[in-house]
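Everything on this sheet refers to the single structure shown next.
The values are calculated or read from the model by the stated rules, or taken from the named source; none is laboratory data. On a predicted model such as this, the values are computed, not experimentally measured, just so you know. Cβ placement follows ideal geometry from the backbone for every residue including glycine, while neighbour counts extend to all protein chains displayed.
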């Protein structure tokens, strides 16, 4: 399966829905996020507004899914895990592992920017876990859990001294955070379930049992139900 690009993860406001001969079935939404410009990934796309309605939580992804289905290949079913945001849902992450464990994993990855390491310890490269900072409603910066990317010491210092935009655009940091978080969640859960190479190899019933044990069935996509 090709990896999906997560365009947006957060609250949306459902503005309206309808059906027409020209447009077919459609919905319109309003986006919120703590970022300055949550519309950045959608520039150039058509967006319509209508009356205010329900508040929802959504994950919007983009990408082509290419599957070769064979006997005992569950890739088609597993693709729903990525599209639904299963691997970035906070309750799921808490059962997969702690924020401390995620940060320890991050420190073993090469820099997200330069692909270098800060240092070598016992033959293994080390980086620093740099938080992708966010702002609350009062505009105060804070460090949310499961929100780190690997940076070298110098890159991390520059981030602290001059801000994220001294290294990369803000939207790049959010996408990088999701990329590393999904990679860690997948790798850790696959080991927990039995050292599988990918979720295309994991029997759906096995993942359902794990979710049922941790009261996470509501986070499984419909392909598993």
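Taking the conditions exactly as written (outside the structural domain of residue 110 (by TED's automatic domain parsing) and at pLDDT below 95), does residue 169 satisfy them or not? Write out each step before concluding.
Numbers: outside the structural domain of residue 110 (by TED's automatic domain parsing): no; at pLDDT below 95: yes.
Considered against the rule, which asks whether it is outside the structural domain of residue 110 (by TED's automatic domain parsing) and at pLDDT below 95, residue 169 comes out as no.
Kindly provide the set of residues from the range 160-182 that are assigned to a helix (DSSP H, G or I), in contact with a helix residue (DSSP H, G or I) (Cβ under 7 Å, 6 or more places away or on another chain) and surrounded by 13 or more Cβ atoms within 10 Å (Cβ to Cβ), ordered by number. Spell out the reasoning first.
To start, the set of residues in the range 160-182 that are assigned to a helix (DSSP H, G or I) comprises 160-162, 164-166, 170-182.
Then keep just the ones that are in contact with a helix residue (DSSP H, G or I) (Cβ under 7 Å, 6 or more places away or on another chain); that gives 164, 166, 170-171, 173, 178, 180-182.
Once the filter is applied, which keeps residues that are assigned to a helix (DSSP H, G or I), in contact with a helix residue (DSSP H, G or I) (Cβ under 7 Å, 6 or more places away or on another chain) and surrounded by 13 or more Cβ atoms within 10 Å (Cβ to Cβ), the range 160-182 yields 164, 170, 171, 173, 178, 180, 181, 182.
Residues of the range 183-216 that are surrounded by 15 or more Cβ atoms within 10 Å (Cβ to Cβ), touching a helix residue (DSSP H, G or I) at 6+ places or on another chain (Cβ under 8 Å) and not in a helix (DSSP H, G or I): 196, 199, 200, 202, 216.
Tell me which residues, restricted to the range 87-104, are surrounded by 14 or more Cβ atoms within 10 Å (Cβ to Cβ), assigned to a helix (DSSP H, G or I) and touching a strand residue (DSSP E or B) at 6+ places or on another chain (Cβ under 9 Å). Even if it seems obvious, please write down each step before you answer.
Step one: of the range 87-104, the residues surrounded by 14 or more Cβ atoms within 10 Å (Cβ to Cβ) are 87-89, 92-97, 99, 102-103.
Adding the requirement that they be assigned to a helix (DSSP H, G or I) leaves 87-88, 92-96, 99, 102-103.
Within the range 87-104, 88, 99, 102, 103 qualify.
Quick one: which residue in 78, 112 is buried (at least 18 other Cβ atoms within 10 Å of the Cβ) and either modelled with pLDDT of 95 or more or assigned to a loop (DSSP other than H, G, I, E, B) (or both)? Show your work before the answer.
Values: 78 fails: either modelled with pLDDT of 95 or more or assigned to a loop (DSSP other than H, G, I, E, B) (or both).
Answer to the selection: 112.
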